[in-house]
């Protein structure tokens with residue numbers, strides 16, 4: 001038990017005495033410190049003692065598109081941690097090709113009596129989708145919050161990263177490096193994030209040829225879009241996701257080009273995959289922690305009867321410069 005206390009204390013950054021007080025349910029420990037000790041126990045694989053097994057205040061559904069793009073597990077982890085801290089039990093639902101649709105998952109959650117739902121990059125981000133599904137959900141008095149994808153057809157709190165600002169940041173960085181033919185590789189044009197990145201890109205490139213290629217938010221999609229942009233003479237490519245950026249780098253190599261000596265590439269998300277990139281990827285970081293926390297706070301206010309403004313809360317991205325961007329080749 002002493003070794004266990006020591007391990008937990010080290011992981012949580014507290015004293016063994018504090019760990020002992022938390023485990024034994026003693027007073028004198030702040031809620032944040034208590035949560036840090038509980039999290040440390042979970043990370044180290046220790047079973048929580050009965051005194052730390054709190055009764056859940058209810059189920060909260062979290063619907064995300066898929067798990068193959070690492071940005072979605074990042075959002076899921078932050079949101080689930082926040083919900084658990086607030087005493088709720090998160091229920092993670094993911095969509096896979098040929099599997100359950102968002103509507104089916106929503107109906108399943110409602111049938112199980114969820115207290116609320118968080119939608120991350122769902123159909124609300126698709127401008128061709130019918131938004132009546134969310135109006136009906138609100139009519140069933142199920143609170144919900146939307147992440148990344150605003151629509152004025154639904155009255156709810158929205159949390160988004162500023163895609164327009166992201167595109168401008170990337171273009172400004174590449175222009176400072178001397179690049180003139182800068183391309184944009186993004187997803188299908190029906191999505192709100194895509195439309196906003198194109199808007200920001202257009203505003204940042206006034207009076208120049210608009211070099212935009214639409215594809216899928218995947219490595220293969222990035223490779224296809226990157227190939228098309230390189231064929232048009234682009235010396236720099238801004239991508240709508242880190243996965244697309246990896247594809248664009250692959251396209252450059254298939255062209256016999258070196259990144260960043262011949263071609264510069266900028267990603268979007270700053271997902272965990274970055275540590276495996278060669279070269280290290282310059283990217284636009286989504287403030288996932290802040291966005292996830294804001295989404296949960298807004299949902300808690302909805303559940304508590306003091307609704308947050310039914311508007312869009314926009315968060316600024318951060319340009320993280322690494323090794324995939326360099327000066328325009330002579």
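Worth a mention:
- Residue match in region 209-216 (condition: out of contact with any helix residue (DSSP H, G or I) (no Cβ under 7 Å at 6 or more places or on another chain), farther than 16 Å from residue 183 by Cβ and surrounded by fewer than 19 Cβ atoms within 10 Å (Cβ to Cβ)): yes
- Within the span defined as region 296-308, every residue fails to be within 21 Å of residue 166 (Cα to Cα), under 22 Å from the mean Cα position of the chain (by Cα), in contact (Cβ under 8 Å) with a residue 24 or more places away in the chain and assigned by TED's automatic domain parsing to the domain that holds residue 79.
- Any hit, region 114-130, residues being in a helix (DSSP H, G or I), under 30 Å from residue 263 (Cβ atoms) and outside the structural domain of residue 298 (by TED's automatic domain parsing): no
- Among the residues listed as 185, 138, 228, the single one being assigned to a helix (DSSP H, G or I) and not assigned by TED's automatic domain parsing to the domain that holds residue 301: 228
- All positions within region 77-115 that are under 16 Å from residue 141 (Cα atoms) and in contact (Cβ under 8 Å) with a residue 40 or more places away in the chain: 106, 109, 112, 113, 114, 115
- Tallying residues that are outside any loop (DSSP other than H, G, I, E, B), exposed (fewer than 15 other Cβ atoms within 10 Å of the Cβ) and at pLDDT 80 or above within region 29-76 yields 4.
- When the criteria are applied in full, residue 156 fails the requirement of being in contact (Cβ under 8 Å) with a residue 60 or more places away in the chain and assigned to a helix (DSSP H, G or I).
The values are calculated or read from the model by the stated rules, or taken from the named source; none is laboratory data. Predicted, not measured: the structure shown is a model, and the values here were computed from it. Neighbour counts are summed over all protein chains in view; Cβ atoms, including those assigned to glycine, are modelled from backbone coordinates with ideal geometry.
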